[in-house]
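Q: Before I ask anything, let me first share the structure, which is written out below as structure tokens.
The values are calculated or read from the model by the stated rules, or taken from the named source; none is laboratory data. Every value quoted in this text rests on a predicted model; they were computed, and no experiment measured them. Cβ: placed from backbone, ideal geometry, glycine included. Neighbour counts: every protein chain shown.
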Amino acid sequence: MARIFETVVIAALALILGLALVVDVEAACNAMTLQPCLAASQGKVAPDPACCTAIKNIGLSADGPQCLCTLATGPLAKANGVSADAAMAIPKKCGLPVPKGFMCNNKPVPGS
């Protein structure tokens, strides 16, 4: 019985730590800087210059492409009606480079 309890506690801690990691990654990527891209990431309009600048600024960091993928597919994006496909097409629409062969959630990113 103690062994089952121990296993349940370990599983619960792993889940909590995993959720915290997702939130930390989204916070570190600073989702608020992508506010100008909300309508474009919902597939409603083309990205405007403010959106392209925001994407460029995040994309310049070493983990920029993965950061954008995380933001485009995470729980915060889903809660705001973001289409992952529309969001991941924004860098190409802005004329920004995308790493060759880059995949986001096992899907090729346009322009890669």
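Q: Could you grab me the full set of residues in region 43-60 that are within 20 Å of residue 108 (Cα to Cα) and hydroxyl-bearing (Ser, Thr, Tyr)?
A: Once the filter is applied, which keeps residues that are within 20 Å of residue 108 (Cα to Cα) and hydroxyl-bearing (Ser, Thr, Tyr), region 43-60 yields nothing.
Q: Can I ask one more? Which ranges mark the helices (runs of 4 or more DSSP H) fully within region 5-112 that have 2 or more residues being at pLDDT 80 or above and hydroxyl-bearing (Ser, Thr, Tyr)? Spell out how you get there, then give the answer.
A: Details: elements: 38-41, 49-59, 64-73, 75-79, 84-93.
Correct list: 64-73.
Q: Here's something else I'd like to know. Scan region 57-84 residue by residue and report those that are free of Cβ contacts under 8 Å to residues at least 40 places away in the same chain and surrounded by fewer than 16 Cβ atoms within 10 Å (Cβ to Cβ).
A: 57, 60, 61, 62, 63, 66, 78, 79, 81
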